[in-house]
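The values are calculated or read from the model by the stated rules, or taken from the named source; none is laboratory data. Since the structure is predicted, the reported quantities are computational estimates derived from the model, not experimental observations. Because the Cβ atoms are built from the backbone with ideal geometry, glycine has one as well, and the counts that use them run over all protein chains shown.
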Amino acid sequence: MELFELSIKQAGEKLKSKEVSSVELTTAALARLEAIEPKVKAFLHVSADGALARAGEADKRLANGGGPPLLGVPIAVKDNICAVGMPTTCASKILGDFVPPYNATVVEALNRDGAVIVGKTNLDEFAMGSSTENSAKQITANPWDTGRVPGGSSGGSAACVAAGQAIAALGSDTGGSIRQPASFCGIVGLKPTYGLVSRYGLVAFASSLDQIGPLTKDVTDSAILLQAIAGRDPADSTSIDYQSPDYTAALDREIKGLRFGLPKELFGAGFQPGVRDLINQTIALIEKLGGQVSEVSLPTLEYALPAYYIIAPAEASSNLARFDGVRYGRRSVGPTDMVDSYMRTRAEGFGPEVKRRIMLGTYALSAGYYEAYYGQAQKVRTLIIQDFKQAFDRFDVLISPTTPTTAFPIGAKTGDPLEMYLSDICTIPANLAGIPAISIPVGLADGLPVGLQIMGKHFDEATVLGAARAIEAEVSFTDRPNTL
Ligand code: GLN
């Protein structure tokens, strides 16, 4: 096994036993990163010197008797999360070469634990999209088939982990942006409960939905990385004072007797036959392990997508008002006056999808339409939360495919925004309800990975991860991308 193929856990064992040093591991990851990058284009910024310096520090800590599980492990960070010394662009022209003067709380956590941040990964501009094609910088390819998208918006983070360019990565998920690319790239992606992980230093898209979470090679790594970033942060008033259990200890569980609900609204017609087949096979495996699977109906999920596409753009239109060329990033040249400067900066700086969201959101929030659109969508959101509450009275977890299809060809959906929005039909409900949800690979359909989504009760990441680990062990998905 090559060093770049290691998981966090395996790398940690080798580092602690001194079989390998962090400098060696980081050098291997960086070599892999450079070798594969022309094909995959996952990174917007690579911090090779910084990473090697951090690796040297990690080796000193290791020599003094070790430390946390992330110590000395190369990790990538989505480029909408602020890290000192590296640009944060959100893959937008409007941020120019903005370098944040502070770290996101999750980056502080990585630094505290001695992780080695190797660089910043590509995304759909401001995390708006499902394919990473909305990046103003470059198009990231899926390591399984470089003619296809890696999913989005955390496409760079998913692709780089699948391709072995980093051992794990952080992404953000507002409507599926961790789980959908994880599914397309054959890796594990977890969106934590809203409020479990601090959003301080994450460039806001839709503040009531955004969460940061791990993209990893397996479920064990997901638990390790979640443990490092979870926790109350005084700098984010929506983060909750919740004492996390030991997530890795929760992995070792049987699923005998565990009740799995299968929402029929998330497994209907329109799903690719290969996806349906693999999910059905996985359900059979769950039953073989003693899990009880039954169908359940959450009727309001039918309205999740339309509600999301009012709420998320409404919040985005407000959040993105701060990009005016005055305080951050780039400013248009030679404006006639202040208003002209605002208008030209925003017209030149934002890409078409971001402009579409700002217009949708501004309209939905405007006087006279507010109640009809935003107010109505918030009511639907409440009904969805109630539907989940009722379902969780009867079930421990809910399962579905993560996405209706496998990774689609680059360019296949760029002409039709609505078609692109439909990629998130299974992932959006968890964001609206604020519940945790993970995607794990369960096999290949026509050579491309398929993900199973497992959703749980608020703050019940332990059960979600435990069920995921039991299924992962049984499925034993060991295929590797063609680019490797
Ligand atoms: N694809 C969805 C959107 O475009 C979700 C994005 C996300 O989770 N950041 O809004």
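Descriptive notes on the structure:
- Of all residues in the stretch 83-94, those satisfying the criterion of being touching a helix residue (DSSP H, G or I) at 6+ places or on another chain (Cβ under 8 Å), crowded, with 19+ Cβ neighbours inside 10 Å and farther than 19 Å from Val197 by Cβ are Met86, Ala91, Ser92, Ile94.
- The test for being within 21 Å of Gln281 (Cβ to Cβ), more than 15 Å from the ligand (Cβ to nearest atom) and surrounded by 24 or more Cβ atoms within 10 Å (Cβ to Cβ) holds for Val442.
- Across the stretch 237-265, the qualifying residues are those that are over 23 Å from Ser198 (Cβ atoms) and touching a strand residue (DSSP E or B) at 6+ places or on another chain (Cβ under 6 Å), and the one among them that is surrounded by the fewest Cβ atoms within 10 Å (Cβ to Cβ) is Lys264.
- The helices (runs of 4 or more DSSP H) found wholly in the stretch 385-484 and carrying at least 3 residues that are of a type in the set (A, V, I, L, M) and modelled with pLDDT of 95 or more occupy 428-433, 461-475.
- Filter pass, Val397 being of a type in the set (Val, Ile, Thr) and within 30 Å of Ala467 (Cβ to Cβ): yes
- Contacts under 8 angstrom Cβ, first residue in the stretch 194-222 being aromatic (Phe, Trp, Tyr), partner assigned to a helix (DSSP H, G or I) and more than 16 Å from the ligand (Cβ to nearest atom), 6 or more apart: Tyr200/Thr105
- Of all residues making up the stretch 389-413, the number that are under 20 Å from Ala182 (Cα atoms) and more than 12 Å from the ligand (Cβ to nearest atom): 15
- Close pairs (8 angstrom Cβ cut-off, 6 or more residues apart or separate chains): touching a residue at least 40 places away in the same chain (Cβ under 8 Å) in the stretch 262-277, among the aliphatic types (A, V, I, L, M) and part of a loop (DSSP other than H, G, I, E, B) anywhere: Pro263/Leu298; Leu266/Ile425
- Flag set for Ser400, criterion: within 29 Å of Ala462 (Cα to Cα), surrounded by 15 or more Cβ atoms within 10 Å (Cβ to Cβ) and hydroxyl-bearing (Ser, Thr, Tyr).
- Taken over the stretch 249-261, the criterion of being without any contact (Cβ under 8 Å) to a residue 60 or more places away in the chain and part of a loop (DSSP other than H, G, I, E, B) is satisfied by Lys256, Gly257.
- Count - residues of the stretch 102-124 that are without any contact (Cβ under 8 Å) to a residue 60 or more places away in the chain, surrounded by 24 or more Cβ atoms within 10 Å (Cβ to Cβ) and away from the ligand (no atom under 16 Å from the Cβ): 0
- Being in contact with a helix residue (DSSP H, G or I) (Cβ under 6 Å, 6 or more places away or on another chain), modelled with pLDDT of 95 or more and not in a strand (DSSP E or B) holds for only one residue in Asp233, Asp241, Asp246, and it is Asp233.
- Among the residues of the stretch 343-369, the one identified as free of Cβ contacts under 8 Å to residues at least 24 places away in the same chain and among the polar types (S, T, N, Q) is Ser366.
One line per residue, one yes/no per condition, for (1) within 30 Å of Tyr370 (Cα to Cα); (2) of a type in the set (A, V, I, L, M); (3) in contact with a Gly (Cβ under 6 Å, 6 or more places away or on another chain):
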{"position": "Ser239", "(1), (2), (3)": "yes, no, yes"}
{"position": "Asp252", "(1), (2), (3)": "no, no, no"}
{"position": "Leu301", "(1), (2), (3)": "yes, yes, no"}
{"position": "Glu315", "(1), (2), (3)": "yes, no, no"}
{"position": "Asp324", "(1), (2), (3)": "yes, no, no"}
{"position": "Pro335", "(1), (2), (3)": "no, no, no"}
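- Restricting attention to the stretch 137-151, the residues that are more than 18 Å from the chain's Cα centre (by Cα) and surrounded by fewer than 24 Cβ atoms within 10 Å (Cβ to Cβ) total 6.
- Residues (under 13 Å from the mean Cα position of the chain (by Cα), within 13 Å of Leu226 (Cα to Cα) and more than 16 Å from the ligand (Cβ to nearest atom)) located in the stretch 165-202: Ala168, Val188
- Residue in the stretch 401-423 that is within 26 Å of Leu285 (Cα to Cα) and of a type in the set (D, E, K, R) present: no
- Residue in the stretch 453-469 that is farther than 19 Å from Ala127 by Cβ, surrounded by fewer than 18 Cβ atoms within 10 Å (Cβ to Cβ) and more than 16 Å from the ligand (Cβ to nearest atom) present: no
- Pairs with Cβ under 7 Å, 6+ apart, first in the stretch 23-51 and within 15 Å of Ala162 (Cβ to Cβ), second buried (at least 21 other Cβ atoms within 10 Å of the Cβ) and among the basic types (Lys, Arg): Phe43/Lys120
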